[in-house]
1. Explain nothing, just the number: relative contact order of segment 34-87, from Cα pairs under 8 Å at least 6 residues apart, as a whole percent.
2. Per residue of segment 95-105, what does 6.51 cos²θ - 1.76 cosθ + 1.60 with θ = phi - 60° give for ³J(HN,Hα)? Whole Hz please, x for Gly and Pro, Karplus curve as stated.
3. Tally up the carbon and sulfur contribution to the accessible surface of the chain as a whole percent, 1.4 Å probe, everything protein left in place.
4. For the chain, what does the relative contact order come out to in percent, with C-alpha contacts under 8 Å and a separation of six or more?
5. Would you mind checking which residues have amide H under 5 Å from N85's amide H? H placed 1.01 Å from N; only 5 or more apart, or other chain.
6. Rounded to the nearest whole Å², what accessible area per residue is found for segment 1-120 with the 1.4 Å probe?
Amino acid sequence: MGRFDGRVAVVTGAGSGVGRAVARRLVSDGAKVACLDIAKDGLDETIAELGSAAHAYIANVTDADALVELASQVQRDLGSVEIVNTCAGIGRFDRSNEIDPKDWQRLIDVNLSGTFFTIRAFLPQMIEAK
């Protein structure tokens with residue numbers, strides 16, 4: 001019996017790296033996992049590795065409205081979400097005085113706003129599930 005048997009989880013950035021590792025762990029602990037990523041190829045690899053407990057959803061975490069719609073789709077497909085892990089993120093290695101303001105804004109959009117928008121979209125389900 002897994003610690004997350006019968007629970008539904010969402011993992012952003014599940015197409016690679018930490019997101020894939022988190023999805024892998026949740027599946028191994030019994031959860032059904034909605035794997036979200038903007039990169040279809042990486043997401044396909046994750047789903048192929050994790051099997052039927054993992055479900056792929058192409059998602060842009062910077063699109064708040066689309067995430068709300070996706071939250072409804074995930075609930076229809078898998079049930080109410082109880083766990084959200086936001087791993088989607090991007091990085092840059094520019095000096096602060098050299099980074100282009102557009103690149104800085106993209107970092108903020110994905111890493112900060114993307115986390116907020118994802119949690120905001122799935123929070124009603126988590127509250128309902130207690």
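The values are calculated or read from the model by the stated rules, or taken from the named source; none is laboratory data. Because the structure is predicted, anything quoted here is derived from the model rather than measured. Side chains included, ligands, DNA and RNA excluded: accessible areas come from the protein's heavy atoms. Shrake-Rupley method; radii C 1.70, N 1.55, O 1.52, S 1.80 Å.
1. On the way: 42 pairs, mean separation 16.3, N = 54.
Contact order relative to length: 30 percent.
2. With the stated coefficients, segment 95-105 comes to 5, 4, 7, 10, 6, 5, x, 5, 5, 4, 5 Hz.
3. Values: 3880 of 7450 Å².
Whole-percent figure for carbon plus sulfur exposure: 52.
4. Values: 226 pairs, mean separation 34.3, N = 130.
Contact order relative to length: 26 percent.
5. Amide H neighbours of N85: V10, V11, T12.
6. Working: 6740 Å² over 120 residues.
For segment 1-120, the solvent-accessible area averages 56 Å² per residue.
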